[in-house]
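Some notes on the structure that comes next.
Read-outs: derived from the displayed coordinates by stated rules, not from any lab. Given the structure is predicted, the values throughout are model-derived calculations rather than measurements. Cβ: placed from backbone, ideal geometry, glycine included. Neighbour counts: every protein chain shown.
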Amino acid sequence: MPELNPPPCRVLISYSHDSEQHKKRVASFCAMLRADGIHAEIDQFVEFPPEGWPRWMLTKLQSVDYVLVVLSKTYKARFEGHEEPGKGNGASHEGFLITQEIYENQSKNAKYIPIYFHNEDRKFAPDVLRAVTCYNVTRKAEYDRMYSLLTQQITPMPPLGERRILTQNQLDEHVFVDQNDFSGSGDYGSGGVAIETGSQLVELKINKNFDDFSATDQIAVLEAIGKLLKLDGTVRVVSKARGSVLLTVDLTPEQAERLYWLVEQGALAELDVTSARMVEGSGRLRNTEGISSRQTVAYMNDSIELVAEPSEERSQTATRIASMLFQKQPDWIQFFREVLGVDGLVRKLFTSPEELAAFEKTAQYAEIQAMVARLREKSVTAVEVKEPTCVIVVRLPKSLHESLRAEAHDRKTSMNQLCISKLLQVINDPE
């Protein structure tokens, strides 16, 4: 059992003065550690050590419990003695002292912990530190793991149970279990499906009125993200919420980290994206209890996997795939058939009349309808009809017919175009 009031852990942060921004980032990190009860020190808070800087470094390295080594290209060059003479003497001297101590300890290291702020800096670990765990301290989960190490709050190993004796029938059985179908509790394959997302959600704040933020605006943001991150596929939107506009996207941890810093540097400012936030708790197992299947379907020559999800997530999936198809700019008939048709995407995701009716009342469904409307606007000129047409004959009161004809004239469109538009609208169920 840990002590109730243990003495604070003493930590020195070893880094190079790459830039003023980097120095400020290290100072902020030091302040965060101190706020969390870690006795962290850096040279920025010492103006004039009377013993001189070399002796100050040596004393601190010998007296602290841990040294956190901030990885960067410049730090590695200075640590390993590859910097030009007269530059970065501090990091070069610390690199020599750390290397010597690890050498004298027969290459064992329980004191020097590499950390980094940017994913691309992980590869700049000095050779003597490449064999140990590195921590990206901008991610809360990794910061907490590092913190648990510094404060000796390590999760103990589970107790060892007794060995089971298998029957001959059990030994004869050969059961192959797909780890994606392991629920994490009870029997294999029961209790729903646990899907490893292996992802990190990023919430983007967009300085626009929520009601004015259209599907086209969203597509522009997603395309810009794809170009910045050099992605081959489409960015998955998980949710959209009010608060200006809060758009949450699903990326790999490395992509999320890069996007976070690009947004912080103003890379998406032209699209009014003002900030980014890592969503805690993402990148874990998502339990989709009650959903039992996945299927792969083809839309416009693309193979898309539909994973069974709860209703809210299926709504997001419908919008995501529809947006992807919309970007191909098909004619509106093809888009309608693939997305809203009898055998289309929406009916594959919402198989019961109740689910379909509920989805048709959502903002996501309204977005898809808006996509249909925009594709129809682009198809005013004659297009090749790619599927057979049918005729509907409807008898109307003369007054209603005249009203439709007047509306078509006012909108500068034909009666056929106007009637098709009205047929595509959702009819709300009576309360």
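Tabulated data
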{"quantity": "Low-density loop positions, GluC sites (Glu not before Pro), the stretch 48-138 - DSSP coil, at most 12 other Cβ in 10 Å", "calculated": "E51"}
{"quantity": "Cβ-derived FRET efficiency at R0 30 Å, K361 paired with A269, nearest 0.05", "calculated": "0.30"}
{"quantity": "Relative contact order (%) - the stretch 106-170, alpha-carbon pairs under 8 angstrom, separation at least six", "calculated": "24 percent"}
{"quantity": "Mean separation of Cα contacts under 8 Å (6+ apart) over length of the stretch 10-150, as relative contact order %", "calculated": "25 percent"}
{"quantity": "Projected label distance in nm at K227 and A241, using a 7 Å step from Cα toward the beta-carbon", "calculated": "3.0 nm"}
{"quantity": "Unsatisfied cross-links (Cα-Cα over 29 Å) in the set K76/K140; K111/K205; K361/K398; K87/K140", "calculated": "K111/K205; K361/K398; K87/K140"}
{"quantity": "Packing-based exposure ordering (other Cβ within 10 Å, fewest first) of K108, K76, K240, K24", "calculated": "K108, K24, K240, K76"}
{"quantity": "Per residue Cα convex hull volume in Å³ - calculated over the stretch 1-102", "calculated": "125 Å³"}
{"quantity": "Spin-label pair R277/K23, simplified geometry with 7 Å Cα→Cβ offset, distance in nm", "calculated": "3.2 nm"}
{"quantity": "Between the stretch 123-139 and the stretch 53-118, the alpha-carbon center distance in angstrom", "calculated": "13 Å"}
{"quantity": "Using a Förster distance of 25 Å, the FRET efficiency for I392-V342 (Cβ separation, nearest 0.05)", "calculated": "0.95"}
{"quantity": "Principal semi-axes in Å for the stretch 200-278 [√(5λ), Cα gyration tensor, largest first]", "calculated": "18, 13, 12"}
{"quantity": "Ranked F335, F29, F210, criterion: other C-beta atoms within 10 Å, fewest first", "calculated": "F210, F29, F335"}
